[in-house]
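Student: Structure provided below as structure tokens; questions to follow.
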Amino acid sequence: MAERERKQRLESTVAVIQARWGTRAIRTARDLPPRAVTPSGIVTLDALLPGGGFPRGQLSEIAGCGTAGHLPIAARALAEAQRGQGQRQGQQALVVDAESAVDLETLARCGVRLDKLALLRARGLRQALQMASDLLRAGFTGALLFDRLRDLYALADGAALQALEQALRDWGPLLARSETTLLWLTELSSPGLYPEGLPLAYAASVRLVCERERWLTEGQRVIGYVSRVTLLKSRGGAQAQSVALRFTLR
Amino acid sequence: MERSRRIGCLLVEGEADGERLWEALADLSPAVERADDSSGRLCFLLEAGGVALRYGHEAAWGQVALAEVTAAGGGPARLGLAHTRFGAEVAARLANAEQPCEIVAAPEARWLAPLPLEWLPLPGEALRRLRVLGLLTMGQLAALPQAAVAEQFGPESLTGWRWARGQDDRAVRGRRCQTVLARQMFVAPEARLEALLATAQRLAERALDDLPVDKRAWAIRQLGLVALTETGAQLATEGRLGDTPGAETMRGMLERLLRRWQGQAEVGLVELTVWLWGLEPAPSRQLSLLEAQETDLRWRQVVEVLGRRYPDGLLRSVLANPDAPILTERYALQRWQA
């Protein structure tokens, strides 16, 4: 009886709220729309990622040391975001380039339309974080790539670390509201050596680590490499699974 | 592998009532999209998967579609039927007076292969380079590897490359109509315009929130008000909105509609209903009419805000030297201006 009464009371409360604020103001989790994703553009990787791509409205981290495939993966996701597919509209893609070292050639080779790409050029990490926050506050919707930062290891400087922590806290609701796919490239100095104390590991919904397994050669010439991409963390998806991807340099 | 997806493209010559034609064609397909081309012809894209089952064969459906156009007052029409949107558009352009219905049954890449490159959306410079290399047909372009196309002719050429390979995955965006409404009863009869306007605005927002799918996927076309006066008389009025009613447009329209009643309704209103007539996405398809425009608008706002705060911070790459052999030299970074 008490259970029935509680249910009735709940239903009447829901009805009152819906009458005042609309039926979308309160609803069960079952009625929520599925989370949108930006495909990575690589079928085997999409199969690994929750929902078939990088989640929109959340942060995804792709880490790796030199020539491990993390930039091509991010670039292909940007290209996919720009292109749109089927009923999905193409989106604005933007690269935050804090070290004036963006690799336009790799981006173009992976299918990113340079004529539609925006670059946010910052002077150092702190300004880059501030610019990204302003961008999200101004209503940016699309795919945002935070290019590799070499001074991540210098985060022992307390102020920079604090700025990053604050930015990550601020971005959560802003990203969710704008449905922006935020990809963060973390450059590792050597495989398996993740910068100590970096709060990205906690803030990211999806974390991928790329490690180069071997070079592909044709005679004496290096024509590409094979990387193992491991899904370290994924909210609402499989974890600790990996896939070997082949990248060609031509 | 043969793809089951089928799309029809109908090109109609001469002056005709587009809305009337759309209504006529809506009975023949689950999704009809109007996509008029630059030549001034009316162009309709129709979802045509499974029409062979219903009409016996695709040609029969094509004949019915052409007959519908004539019956609805349209001029001479051409129909193309293919696996992709681009294929259907090309087929419609190839159809002629003797054979007004061009049906592509073979794998699309093979059918497109002998056609000239000029039909693809390729940048002028890419087209010139392809000609210099002796590549003149879609088949020759489709045979090139993706990385080579991106590197040699720029990533903006990849769309054309994909279409030439029969990989155009753009869907037909159909529409259906649906009405949503929100109603409020007043405790005491209300006659003040400001109060009625505030109520109407809140009701419109509530109705918009009650749309069964994401409201950005809808295009609201009409808005109406129905009211009950304290004497028991019913008042009704309606107006037409554009595709993208922002808050200001909505408020302006509501005010105009309420002012129409000022002469008639000296008495107060006891009930007010706001209804919105919109376009519903076809089943399992997402209409993005509002979303695309909203994204563009947001991007303009972002550029404006960031441009004010960081004058040299937001850059874009522009094609500066089309003849440069290395891709990165072809582009130069420039300040992105609103």
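The values are calculated or read from the model by the stated rules, or taken from the named source; none is laboratory data. Keep in mind that what you see is a predicted model, and the values were worked out from it rather than measured. Backbone-built Cβ (ideal geometry, glycine too); neighbour counts: all protein chains shown.
Student: For segment B:168-186, name all the residues that are at pLDDT below 85 and part of a strand (DSSP E or B).
Tutor: Selection gives B:R176, B:C177, B:Q178, B:T179, B:V180, B:L181.
Student: Residue check: is B:R298 assigned to a helix (DSSP H, G or I), at pLDDT 75 or above and out of contact with any helix residue (DSSP H, G or I) (no Cβ under 7 Å at 6 or more places or on another chain)?
Tutor: No; evaluated as a whole, the condition is false for this residue.
Student: Can you list the helices (runs of 4 or more DSSP H) lying wholly within segment B:86-167 that have 2 or more residues being closer than 23 Å to B:R6 by Cβ and more than 14 Å from chain A (Cβ to nearest Cβ)?
Tutor: Of the helices (runs of 4 or more DSSP H) lying wholly inside segment B:86-167, those with at least 2 residues that are closer than 23 Å to B:R6 by Cβ and more than 14 Å from chain A (Cβ to nearest Cβ) span B:108-112, B:138-142.
Student: Between B:A109, B:A150, which is small (G, A, S) and either assigned by TED's automatic domain parsing to the domain that holds B:V12 or under 24 Å from B:A35 (Cβ atoms) (or both)?
Tutor: Selected residue: B:A109, the only one of B:A109, B:A150 that is small (G, A, S) and either assigned by TED's automatic domain parsing to the domain that holds B:V12 or under 24 Å from B:A35 (Cβ atoms) (or both).
Student: Under 7 Å between Cβ atoms, at least 6 apart or on separate chains: pull out the pairs that start in segment B:10-36 with a residue that is within 15 Å of B:G80 (Cβ to Cβ) and end on any residue that is of a type in the set (V, I, T) and part of a loop (DSSP other than H, G, I, E, B).
Tutor: B:E33/B:V172
Student: Using the structure shown, decide if A:L114 is at the interface with chain B (Cβ under 9 Å from one of its Cβ atoms), among the aliphatic types (A, V, I, L, M), more than 13 Å from the chain's Cα centre (by Cα) and surrounded by fewer than 21 Cβ atoms within 10 Å (Cβ to Cβ).
Tutor: Answer is no for this residue.
Student: Given the structure, is A:L198 part of a loop (DSSP other than H, G, I, E, B), touching a residue at least 12 places away in the same chain (Cβ under 8 Å) and surrounded by 17 or more Cβ atoms within 10 Å (Cβ to Cβ)?
Tutor: Yes, satisfied.
Student: Residues that are modelled with pLDDT under 85, part of a loop (DSSP other than H, G, I, E, B) and within 17 Å of B:E89 (Cβ to Cβ): does segment B:61-78 have at least one?
Tutor: Taking every residue of segment B:61-78 in turn, none turns out to be modelled with pLDDT under 85, part of a loop (DSSP other than H, G, I, E, B) and within 17 Å of B:E89 (Cβ to Cβ).
Student: Mind checking which residues of segment B:314-328 are surrounded by 12 or more Cβ atoms within 10 Å (Cβ to Cβ), at the interface with another protein chain (Cβ under 10 Å from one of its Cβ atoms) and of a type outside the set (G, A, S)?
Tutor: B:L314, B:L315, B:R316, B:V318, B:L319, B:L327, B:T328
Student: Could you identify the single residue in A:A108, A:A98, A:A93, A:A77 that is at pLDDT below 90, crowded, with 22+ Cβ neighbours inside 10 Å and more than 8 Å from chain B (Cβ to nearest Cβ)? Can you show your working first?
Tutor: Working: A:A108 fails: more than 8 Å from chain B (Cβ to nearest Cβ); A:A93 fails: at pLDDT below 90; A:A77 fails: at pLDDT below 90.
None of the other options fit; the residue is A:A98.
Student: I would also like to ask the following. Hey, can you tell me all the residues within segment B:228-255 that are modelled with pLDDT of 80 or more, surrounded by 12 or more Cβ atoms within 10 Å (Cβ to Cβ) and not aliphatic (A, V, I, L, M)?
Tutor: Correct list: B:T229, B:E230, B:T237, B:E238, B:G239, B:R251, B:G252, B:E255.
Student: Looking at the structure I just gave you, is A:S12 over 30 Å from A:R148 (Cα atoms), hydroxyl-bearing (S, T, Y) and more than 14 Å from every other protein chain (Cβ to nearest Cβ)?
Tutor: yes
Student: Among the residues in segment B:305-313, are any modelled with pLDDT under 75 and either among the β-branched types (V, I, T) or buried (at least 16 other Cβ atoms within 10 Å of the Cβ) (or both)?
Tutor: No, there is no match, as no residue in segment B:305-313 is modelled with pLDDT under 75 and either among the β-branched types (V, I, T) or buried (at least 16 other Cβ atoms within 10 Å of the Cβ) (or both).
Student: Related question: Taking the conditions exactly as written (within 29 Å of A:L249 (Cβ to Cβ), facing another protein chain (nearest Cβ under 9 Å) and of a type outside the set (G, A, S)), does A:L193 satisfy them or not?
Tutor: no
Student: Still on this structure, please answer the following. Only one residue in A:S178, A:S205 is among the small types (G, A, S) and modelled with pLDDT of 85 or more, so which one is that? Give the derivation first.
Tutor: Numbers: A:S178 fails: modelled with pLDDT of 85 or more.
Exactly one residue qualifies, and that residue is A:S205.
Student: While we're looking at this one, here's another question. Scan segment B:137-147 and give yes if some residue there is on the phi > 0 side of the Ramachandran plot and modelled with pLDDT of 90 or more, otherwise no.
Tutor: No.
Student: Just a yes or no: is a residue in segment B:45-53 assigned by TED's automatic domain parsing to the domain that holds B:P100, in contact with a helix residue (DSSP H, G or I) (Cβ under 9 Å, 6 or more places away or on another chain), part of a loop (DSSP other than H, G, I, E, B) and modelled with pLDDT under 85?
Tutor: Looking through segment B:45-53, none of the residues is assigned by TED's automatic domain parsing to the domain that holds B:P100, in contact with a helix residue (DSSP H, G or I) (Cβ under 9 Å, 6 or more places away or on another chain), part of a loop (DSSP other than H, G, I, E, B) and modelled with pLDDT under 85.
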